[in-house]
1. Considering only residues of segment 169-198 that are over 21 Å from the mean Cα position of the chain (by Cα) and under 12 Å from residue 111 (Cβ atoms), which is modelled with the lowest pLDDT?
2. Working only within segment 141-155, note down all residues that are in a helix (DSSP H, G or I) and either under 17 Å from the mean Cα position of the chain (by Cα) or in contact (Cβ under 8 Å) with a residue 12 or more places away in the chain (or both).
3. Inside segment 54-94, can you point out the residues that are farther than 18 Å from residue 37 by Cβ, among the hydrophobic types (A, V, I, L, M, F, W, C) and crowded, with 16+ Cβ neighbours inside 10 Å?
4. Name every residue in segment 51-106 that is of a type in the set (Ser, Thr, Tyr) and out of contact with any strand residue (DSSP E or B) (no Cβ under 6 Å at 6 or more places or on another chain), in order of residue number.
5. Quick one: how many residues across segment 113-160 are touching a Ser or Thr at 6+ places or on another chain (Cβ under 8 Å) and of a type in the set (A, V, I, L, M)?
6. Restricted to segment 31-61, and to residues that are among the charged types (D, E, K, R) and part of a helix (DSSP H, G or I), which residue is nearest to residue 103 (Cα to Cα)?
7. All but one of (1) in contact (Cβ under 8 Å) with a residue 24 or more places away in the chain; (2) in contact with an Asp or Glu (Cβ under 6 Å, 6 or more places away or on another chain) hold for residue 134; state the number of the condition that does not hold.
8. What is the number of the single condition among (1) in contact (Cβ under 8 Å) with a residue 12 or more places away in the chain; (2) of a type in the set (Lys, Arg); (3) not in a helix (DSSP H, G or I) that residue 184 does not meet?
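The values are calculated or read from the model by the stated rules, or taken from the named source; none is laboratory data. This is a predicted model, so every value here is computed, not measured. When we count neighbours, we look across all protein chains shown, and the Cβ atoms used for this are built from the backbone with ideal geometry, even at glycine.
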Amino acid sequence: MIKASRIAHFVLIGFLSGCAAYQIAGQVESGRRALLVNDPERALPYLLEAAKNDPNYVYAYDLFRESVWTYLGRSQYATKRYSEARQSLERALALDKDDHLARLYLGLTLTRLGDSAKGVKEIETGMKGIHDWLEYTESARPFEAYWDPAREIRKTIEKDLAGDPGKDVGRDQLITDAEWVGKRMEDEVENVRRDRRQEFERDRDWLGGRGFGIGIGIGF
């Protein structure tokens, strides 16, 4: 009887943990969706709650990874809560120093806080990390060029890194482009998801049609 009670206890704990994980994933996804339509104020409470519930949560799709703290920092940056954004983004980088979007947005945040020299350096490092990640993704799977297929993101980064961000005009353009790259990378997740779904549907239709044709041939 005691053994059965213990089993039931562990089953209940597992069930509740699964429910909690599902809830957190939903909060992050709701925050993401709000950011995708440029509504950071709506994104903020979802991401604050998700970070509180699971500070180690990482959103993952295909090869893409992004910490809940990066999403939170992005929403805080977009709503001009720069001091809070800095704390969130530094926490994201403490968990993963290769979180390139966190570094990009930390650089943007530092420029808004008046530390342009350090901000520009972080932006450049973040951009280079994103560029190298896209290059690696393409080289690792050359027959599945889903990420940045027209190289728009990489061309923008290459142009900025080849310029002189130390100058005022160059710095302003770098900030504008960095914000574009940050948003474009999130849009790219949706583009890859769409392209994969369309490819799956084409393959399914092709296989279905082929199977039907074979069946008819055998029947006759």
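1. For segment 169-198, the residue satisfying everything is 171.
2. If the condition is that a residue be in a helix (DSSP H, G or I) and either under 17 Å from the mean Cα position of the chain (by Cα) or in contact (Cβ under 8 Å) with a residue 12 or more places away in the chain (or both), then 152, 153, 154 are the ones that fit.
3. 58, 64, 68, 69, 85, 89, 92, 93
4. 57, 61, 70, 71, 75, 77, 79, 82, 83, 88, 105
5. The total comes to 3.
6. Here the answer is 32.
7. Among (1) in contact (Cβ under 8 Å) with a residue 24 or more places away in the chain; (2) in contact with an Asp or Glu (Cβ under 6 Å, 6 or more places away or on another chain), residue 134 violates only (1).
8. Status for residue 184: all satisfied but (3).
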